[in-house]
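The values are calculated or read from the model by the stated rules, or taken from the named source; none is laboratory data. Being a predicted model, the structure only gives us computed values, none of them experimental. All Cβ positions, even for glycine, are placed from backbone atoms using ideal geometry, and neighbour counts span all protein chains on display.
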Amino acid sequence: MTFDGAVSCVRLLPKGFDDDLADDNVFMDELCSLKDGVAQSEPLHLFISAFIMFSAKNIVESCEVMKPLLSKSDTELATLVYSFLRHVLDLPVGPQPEKGLNRKRTTCNRTILFLKHSNLYDRVVAAKVLMSTSSNSRTGSSILNEMIERVAVAIALWQYESVREDRAEVVERIAKRLDNICSVPFTYDSTIYSTLSVLHNFPTACVETMRDFSRRAVDKEAKQQFVDLCAQVLLTFVNAVETQRRNTSLKRPGDVQWTTGAISDAFSLACKVLLKEMHARDVSQVHRLHLKDYVVRLAKFHLSECNEPINGHEVIVALYDLGECDVAVSLAEQFKDFKVLIKVCLELDDAERRARLDEYKRRYFADEFDMYLCKYLKQKKLNDMLLEEKGDRADRYLLSCEDIRWRRELQNNQYEQASRSLLSLADREISNAYRQRNLYAFSKLAALCSENVSQDVIEESNRKLVLLKHQSLIPESLIKTVYPDNPKRPLTIAEMVELNMLDVDIIEGHKRALYLLARLLRDGNNAELQSLLNNVWMSVVKHTDWNQVKNILDLGETPFGGVLKKMIEEDDSADDLLLVLPACDNLLKACRTALSGNEMAPKWIRGAVERASSVMNANLRMKKEEQLRSSKAILAISQTSAVFESRPPHMPTPKAAVTTS
């Protein structure tokens with residue numbers, strides 16, 4: 001610099017060295033005492049010795065002492081540095097805390113300079129150390145930051161409390177609570193400023209102190225003042241950490257910080273205490289504004305320390321519920337709390353909601369806001385809103401939503417895919433027959449709408465709709481009697497047949513069972529259907545008291561005769577019902593025991609079945625002949641009178657009669 005025409009040279013000492021020699025001597029004495037307390041065989045003893053020589057500017061000797069430690073692994077070196085600095089941070093500060101804290105800060109800064117000079121800095125900052133207080137490993141960079149930040153926080157707290165007596169009183173109360181948390185014998189200055197290794201518990205102690213005082217306080221003004229002071233103490237802590245982080249070059253991306261976890265959680269608790277105060281009825285508007293500012297400031301620090309994605313954070317939601325909508329939305333946008341953002345959007349009108357959601361989808365595209373939105377809407381069963389979402393990612397997500405995938409496919413005119421999705425969904429529906437019936441019906445309709453009609457889908461849907469139609473014919477009271485837990489579930493063929501045979505109206509129940517089997521046999525025969533058919537006729541025979549049947553006329557009044565009558569009277573399904581007439585030989589053989597009391601019963605049964613078959617075939621022939629005659633009929637139209645033929649093209653207007661006198 002130029003001064004009065006002369007040049008003056010200014011020598012700047014490296015960060016970590018102090019030009020106050022008197023204070024430096026005290027610093028050196030403390031280091032020597034620390035070294036004497038460590039066994040000479042320990043690596044820490046060598047490290048402290050080398051550091052003392054470096055601090056005394058004996059660089060060559062320092063390097064010689066460090067040589068045995070250079071062969072250690074990076075993790076061992078980082079652990080060694082951590083152990084050394086932890087001892088330094090817990091050195092007594094003496095009667096003048098400010099000077100003692102400055103010496104600790106000097107030691108931290110000088111340690112970094114020492115590591116760089118020893119060519120160990122890069123190895124230490126990159127090493128990962130598993131800390132006993134954390135499940136995650138920490139980098140050496142994070143550990144060095146922690147030590148420097150602990151000292152910075154302690155200095156800030158000392159400066160805060162030194163200004164006013166009420167502040168000192170609050171800090172003293174917090175220190176007493178800290179003593180209970182850490183089980184450290186209470187000595188005010190030593191607990192906070194001499195034992196910085198417990199400083200991570202300070203925010204928790206502060207919150208507990210604030211909460212206890214708020215609970216017990218009687219005087220409203222004193223309570224508000226105490227809450228304000230506690231909030232200011234926490235802000236002092238936060239400001240010290242953030243200021244140090246802005247001015248450091250040590251921070252590495254992805255580092256786990258010491259403030260993550262217990263400290264961050266304490267600030268969240270502090271926000272909840274302050275929010276409770278905001279919610280009080282007797283709080284003034286001015287004090288409420290102060291509390292809101294505290295909450296926002298502390299919440300920002302807490303949220304910035306969260307390693308997990310933020311999802312409907314309690315503090316943000318509480319602010320929103322208290323009417324601080326703009327503040328809550330601002331925090332949610334800054335820290336990507338998508339759940340809160342979506343919740344706010346859903347309360348807007350349709351146009352504004354759509355615009356806001358689209359804006360968030362663009363802003364947070366890399367964070368996949370659109371996928372979070374889809375999952376949220378699906379979870380809340382807001383399917384109509386979900387189907388409004390557009391884009392490839394939304395389409396891919398909806399493909400995984402089997403219950404509404406078909407609706408997206410219909411939106412995209414993918415009818416064949418929709419029909420198969422609906423068919424698959426219907427097959428998995430096991431709780432509600434009415435819903436299953438609708439799904440099969442929609443599946444069939446979608447298949448019919450596709451360019452290439454999926455015949456297999458239509459056939460399967462028709463088959464299942466037949467079953468569901470027959471289930472709907474069974475009295476609900478009967479189903480509830482047999483299946484009280486879930487009377488609406490879809491039933492199998494065997495269950496429906498068995499259920500019909502249990503109906504107290506024997507004729508009607510067995511008729512329904514036969515109608516079901518007749519409709520199914522139309523599409524093809526198989527062993528299962530034949531077995532069920534035999535069971536139905538055996539049940540009909542066994543429900544008849546054959547000892548009371550004296551002649552062929554009596555047979556008509558039995559359940560067996562009643563079922564045959566119902567079949568004969570049916571016109572629409574005669575061709576199908578012919579398929580379910582009993583095979584007399586097999587039936588009589590299976591029911592030999594039931595018929596043993598009436599020798600004529602087999603003959604009457606065989607005759608009744610043959611006559612029923614004959615009548616049904618005759619009715620069927622007559623029906624076909626009638627249909628044939630109808631198809632050949634010529635509609636004759638009689639000649640229309642000329643009077644009623646088409647209107648003449650022109651009719652003269654009649655002249656009015658003229659009367660002359």
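Only a single criterion out of (1) modelled with pLDDT under 55; (2) in the same structural domain as Arg105 (by TED's automatic domain parsing) is not satisfied by Ser8, namely (2).
Residues that are buried (at least 22 other Cβ atoms within 10 Å of the Cβ) and part of a loop (DSSP other than H, G, I, E, B) within segment 259-276 comprise just one, Thr259.
Does Leu578 fit the bill of being touching a Leu at 6+ places or on another chain (Cβ under 8 Å) and surrounded by fewer than 19 Cβ atoms within 10 Å (Cβ to Cβ)? Yes. Residue count for segment 464-480 under the criterion of being of a type outside the set (A, V, I, L, M), surrounded by 14 or more Cβ atoms within 10 Å (Cβ to Cβ) and part of a helix (DSSP H, G or I): the result is 3. Residue count for segment 386-401, restricted to those that are surrounded by 13 or more Cβ atoms within 10 Å (Cβ to Cβ) and under 17 Å from the mean Cα position of the chain (by Cα): 5.
Considering the conditions (1) surrounded by fewer than 16 Cβ atoms within 10 Å (Cβ to Cβ); (2) touching a residue at least 60 places away in the same chain (Cβ under 8 Å); (3) closer than 19 Å to Val124 by Cβ, Glu98 is excluded by exactly one of them, (3). Scanning segment 522-568 for residues that are closer than 20 Å to Glu599 by Cβ, of a type in the set (Asp, Glu) and part of a loop (DSSP other than H, G, I, E, B) yields a total of 2. Looking across segment 277-294, the residues that are touching a residue at least 60 places away in the same chain (Cβ under 8 Å) and either surrounded by 13 or more Cβ atoms within 10 Å (Cβ to Cβ) or closer than 17 Å to Tyr320 by Cβ (or both) come down to Glu277, His287, His290, Leu291, Tyr294. In segment 126-138, what residues are farther than 19 Å from Leu89 by Cβ and either at pLDDT 90 or above or not polar (S, T, N, Q) (or both)? Ala126, Ala127, Lys128, Leu130 - these are the residues of segment 126-138 that are farther than 19 Å from Leu89 by Cβ and either at pLDDT 90 or above or not polar (S, T, N, Q) (or both). Looking at Val466, Val504, just one residue is among the aliphatic types (A, V, I, L, M) and outside the structural domain of Gln530 (by TED's automatic domain parsing), and that residue is Val466. Go through the residues of segment 139-146 one by one and say whether even a single one is of a type outside the set (A, V, I, L, M, F, W, C), within 21 Å of Gly94 (Cα to Cα) and either at pLDDT 90 or above or in a helix (DSSP H, G or I) (or both). The answer is no; no qualifying residue exists. Taking the criterion of being free of Cβ contacts under 8 Å to residues at least 24 places away in the same chain and part of a helix (DSSP H, G or I), the residues of segment 386-408 that qualify are Leu386, Asp392, Asp395, Arg396, Leu399, Arg405, Arg408.
Inside segment 469-491, can you point out the residues that are in contact (Cβ under 8 Å) with a residue 24 or more places away in the chain and of a type in the set (Ser, Thr, Tyr)? Result: Ser472, single match.
Taking the listed residues Arg519, Arg611, Arg621, Arg592, the one that is in contact with a helix residue (DSSP H, G or I) (Cβ under 6 Å, 6 or more places away or on another chain) and of a type in the set (D, E, K, R) is Arg519, with no other qualifying.
Any residue that is free of Cβ contacts under 8 Å to residues at least 40 places away in the same chain, of a type outside the set (D, E, K, R) and under 23 Å from Lys565 (Cα atoms) - is there at least one of those in segment 452-468? Within segment 452-468 (the criterion being free of Cβ contacts under 8 Å to residues at least 40 places away in the same chain, of a type outside the set (D, E, K, R) and under 23 Å from Lys565 (Cα atoms)), the answer is no, since none of the residues qualifies. Residues in segment 174-194 that are surrounded by fewer than 19 Cβ atoms within 10 Å (Cβ to Cβ) and either among the small types (Gly, Ala, Ser) or at pLDDT 90 or above (or both): Ser183, Ser190.
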